[in-house]
Amino acid sequence: MTVVLETEGLTRRFGQVVAAEDLAVQVREGEQVGIVGPNGAGKTTFLNLVTGYIPPERGTIRFMGRDITGLHPRTITRLGIARTFQIPQLYSNLTVLENMLLAWAAREGRMMDPWWPLRRTAWVEPAMDLLARFGLADDADRPTYTLPEGKRKLLDVALALALRPRLLLMDEPTSGVSVREKFPLMDTLMEILLPAGVTVLFVEHDMDVVLRYAQRVLVFQGGRVVADGDPQAVLSEVLAAPSKTK
Amino acid sequence: MKPRAVLIGVLSFVGLGAVGFVLPRWTVFLFSLALARGLAALSVALLMRAGLVSFGQSLFFATGAYTAAFMVRLLGVREAGLLLVGAVIVSMTVAALTGLWIARYREIFFAMLSLAFTMILYGWLLKAYWITGGTDGLRIPPPTVLGTAWSVDTLRSVLYEATLVCTAVALVLIHLFLDSPLGYALRAVRDNEVRLEYLGSSVWQVVYWAYVLAAGLAGLGGVLTALNVGHVDPQLAYWTTAGEFVFITLLGGTESVLAPLIGAVVFEFLRTYALKYAPYTWQMALGGMMLLLILFMPRGLWTLRYLRFRKAVS
């Protein structure tokens, strides 16, 4: 199976804190990989390194065989890596539909278009379709600052998915969401992402979510991958030693 | 655009055009200046959409005005249309150069840099008196409009109508711009730059092109002022002029392309009457006005539209 993402010797320190050390990770096409680990283990740093938010001190990052080390986030996004954030990054004063239409403009490479309207039929219809799949169609005209956290998370993913990424990195998709809403939210996400053939890498603290939705799990600790494999096997080992990892 | 809004726009345009032939000359002159300054205020409002406050739009206002003066004196151009086009192009070119640097900055740094640029121009206009006329400035002889040299009496009305047409065209274009992806991207810059970059778009480019477009608007306002007044001087580039544009923008509001124009008309008449009735304390009167505005209408006079709407609903 094609290797979508590959890192070698990826290293990054913040002063004395080792956020990533010699990280060697491979993700194959179509996989759903969960990343777990205690706070400060380097999970979010890994996402930030891959998406170009922070540059590595050493090491290489390859996406579909192409070296993307040190590239700007928007270049990496255009190559096919999209991400979501622990705190959803939305345009708070725009409506849900306007948020989505901006993503559509970006997808079509028309963000710098200064004259033709953003609300053009050719974009509104598919954007509304995608919102409907995320259960957000009824909220299309609501400003996003009025949305509850679960729907903000969904919209964050919808914006990323509008870009038609090959690889989607999600940072704690269920954080800030009530216990009752976690599984329905993940069900909705996976029902959309898997048929689209998107490779998914997600950071998660909730082991039940990882067990249910990841095919493979990476355990981070001290900026290193200390375990990699089947979630059931790896997590039962990890949970047996709670002092090492969460 | 909604049909009702188009109808109101067309009727307002025709009504304002008609008053040019009816009102006293001094009032027509004030309206002309207000519209020209309103365009500069609109350029401030445009940048405010991206959360950027410019204290340097007088740079482009003065560039537009002086470009017209230089075109008349050095190239012998007399046609108003050519002066308008030349002034807008030069203003946008200056912005295209300064924007390479300033588009990286935000908040107070953007405000102070824009102020610094306009003060550099002000200093140059003062010192290079053999070209710019120094503090005396330069006189602009009456231009031809549509190839016709109008009599002095008629020219005032003709220039007013020309200013009105330019303002209307600029309003329509800016309205279209704000509805476009780039126009929405401006609001996205204010809300969340990170998300915009992670959609694969360049925040720098969005700010840069908005800055250049805003410069074109301010330049247009500058050349229209120069043609109506018939004179340019360094005061056009001074920071207080830029401050007035910010004042006008806050007075009118930023929610509609019409709001800064309304602010400009109110400001121009307010200042004229304040000067007439309180010649030594007129700035205090304007300051008091600003204080009241911030306290009771922080979103500007445009808020009155919603008050009226609420009454109609109740």
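As an exercise, use a Förster radius of 41 Å and the Cβ-Cβ distance of B:LEU291 and B:GLN205 to find the FRET efficiency, rounded to the nearest 0.05.
After rounding to 0.05, the efficiency reads 0.60.
Taking R0 as 22 Å, what's the FRET efficiency between B:LEU82 and A:TRP116 from their Cβ-Cβ distance, rounded to 0.05?
The calculated FRET efficiency here is 0.15.
Can you pick out the pairs among A:LYS43/A:LYS182; A:LYS151/A:LYS182; A:LYS43/A:LYS153; A:LYS153/A:LYS182 whose Cα atoms lie more than 22 Å from each other?
Over 22 Å Cα-Cα: none of the listed pairs.
Using a 10 angstrom cutoff on alpha carbons, build the Gaussian network for chain B and name the most mobile of B:SER114, B:SER12, B:SER54.
Per the Cα network of chain B with a 10 Å cutoff, B:SER12 tops the list.
Which value in deg cm²/dmol, rounded to the nearest 500, describes the helix-derived mean residue ellipticity at 222 nm for the protein assembly as shown, given -39,500 (n - 2.57) per DSSP H run of n ≥ 4 and division by the residue count?
Roughly -19000 deg cm²/dmol at 222 nm, from the helical runs in the protein assembly as shown.
Please list 3J(HN,Hα) in residue order for segment A:67-84, calculated via the Karplus relation 6.51 cos²θ - 1.76 cosθ + 1.60 where θ = phi - 60°; whole Hz, with x for glycine and proline.
6, 10, 4, x, 6, 6, x, 6, 5, 5, 4, 5, 6, x, 10, 10, 9, 10
Toward the positive end of the charge dipole of the protein assembly as shown, about the Cα centre and with charges on Cβ (Lys, Arg +1; Asp, Glu -1), which of B:PHE13, B:LEU220, B:VAL44 goes farthest?
The listed residue farthest towards the positive side: B:PHE13.
Please compute the contact order of segment B:12-239 in relative form: average sequence separation of alpha-carbon pairs under 8 Å and at least six residues apart, divided by the residue count, as a percent.
Normalised by residue count, the contact order of segment B:12-239 is 44 percent.
Would you please name the trypsin sites (Lys or Arg not before Pro) within segment A:104-177 that are DSSP coil residues with at most 15 other C-beta atoms within 10 Å of their C-beta?
A:ARG119
Averaged across A:49-59, how many Cβ atoms of other chains sit within 10 Å of each residue's Cβ atom?
Mean shielding count: 1.
Taking chain B as a Gaussian network, Cα atoms linked when under 10 Å apart, which of B:TRP302, B:TRP124, B:TRP239 shows the biggest mean-square fluctuation?
Evaluated over chain B, the most mobile residue of the options is B:TRP124.
Roughly how many debye, to the nearest 20, is the charge dipole of chain B about its Cα centre, given +1 on each Lys and Arg Cβ, -1 on each Asp and Glu Cβ, and no other charges?
600
Per residue, how much space in cubic angstrom lies within the convex hull of the C-alpha atoms of segment A:27-88?
111
Skipping prolines and chain starts, which residues have an amide H placed within reach, meaning under 5 Å, of the one on B:SER180, given they are 5 or more residues away or on another chain?
Here the answer is A:LEU118, since their amide H atoms fall under 5 Å of that of B:SER180.
Would you work out which of B:PRO234, B:CYS166, B:GLY76 lies farthest towards the positive end of the dipole of segment B:12-239, given +1 charges on the beta-carbon of Lys and Arg and -1 on that of Asp and Glu, about the Cα centre?
B:PRO234
Tell me the angle of helix A:179-193 to the major Cα principal axis of chain A, expressed in degrees between 0 and 90 and rounded to the nearest ten.
Computed tilt is about 80 degrees.
Cα axis of helix A:121-133 to longest principal axis of chain A: angle in degrees, 0 to 90, nearest 10?
50
Quick one: what does P(r) look like for segment A:67-132 with 10 Å bins over all Cα pairs, in whole %?
17, 45, 31, 7
Let me know the Rg and Dmax you get for chain A when you use only its Cα atoms, in Å.
Rg and Dmax of chain A, Cα atoms, are 18.1, 60 Å.
Running a GNM on chain B with Cα contacts under 10 Å, which residue among B:GLY252, B:GLY287, B:GLY137 ends up with the highest mean-square fluctuation?
The residue with the greatest mean-square fluctuation here is B:GLY287.
Placing unit charges on C-beta atoms (Lys and Arg positive, Asp and Glu negative, everything else neutral), compute the dipole magnitude of the protein assembly as shown about its Cα centre in debye, rounded to 20.
About 1220 debye.
Let me make sure I get this right: for segment B:185-303, a, b and c are the square roots of the gyration tensor eigenvalues over alpha carbons, sorted descending. Under 1.5 in a/c it's rounded, otherwise prolate if a/b > b/c, else oblate. Which is it?
oblate
Quick one: what does P(r) look like for segment B:12-239 with 10 Å bins over all Cα pairs, in whole %?
All Cα pairs, binned at 10 Å, distribute as 8, 33, 33, 19, 6, 1 percent.
Explain nothing, just the number: relative contact order of chain A, from Cα pairs under 8 Å at least 6 residues apart, as a whole percent.
27
Please compute, for peptide A:65-76, the average count of beta-carbon atoms on other protein chains lying within 10 Å of each residue's beta-carbon.
2
Would you mind checking the radius of gyration and Dmax of the protein assembly as shown based on alpha-carbon positions, in Å?
28.7, 96
So for the protein assembly as shown, taking the charge dipole from beta-carbon charges (+1 Lys/Arg, -1 Asp/Glu), which of B:PHE269, A:MET112, A:ILE54 sits furthest toward the positive end?
B:PHE269
Simple spin-label model, 7 Å along Cα-to-Cβ: A:ILE87 to B:VAL194 in nm?
In this crude label model, A:ILE87 to B:VAL194 measures out at 0.7 nm.
Once you have all Cα-Cα distances for segment A:91-164, histogram them in 10 Å bins from zero and send the whole-percent values.
In whole percents, the pair-distance histogram is 21, 58, 21, 1.
To the nearest 0.05, how large is the calculated FRET efficiency for B:GLN283 and A:THR95 if R₀ is 35 Å and r is the Cβ-Cβ distance?
0.25
What is the average number of partner chain Cβ atoms found within 10 Å of a Cβ in B:173-181?
Across the residues of B:173-181, the mean count of other-chain Cβ atoms within 10 Å is 5.
Every number here is computed from the coordinates shown, using simple stated rules; none is lab data. Keep in mind the model is a prediction, meaning the values are calculated, not measured. No Cβ is skipped: glycine too gets one built from the backbone with ideal geometry, and neighbour counts run over all protein chains shown.
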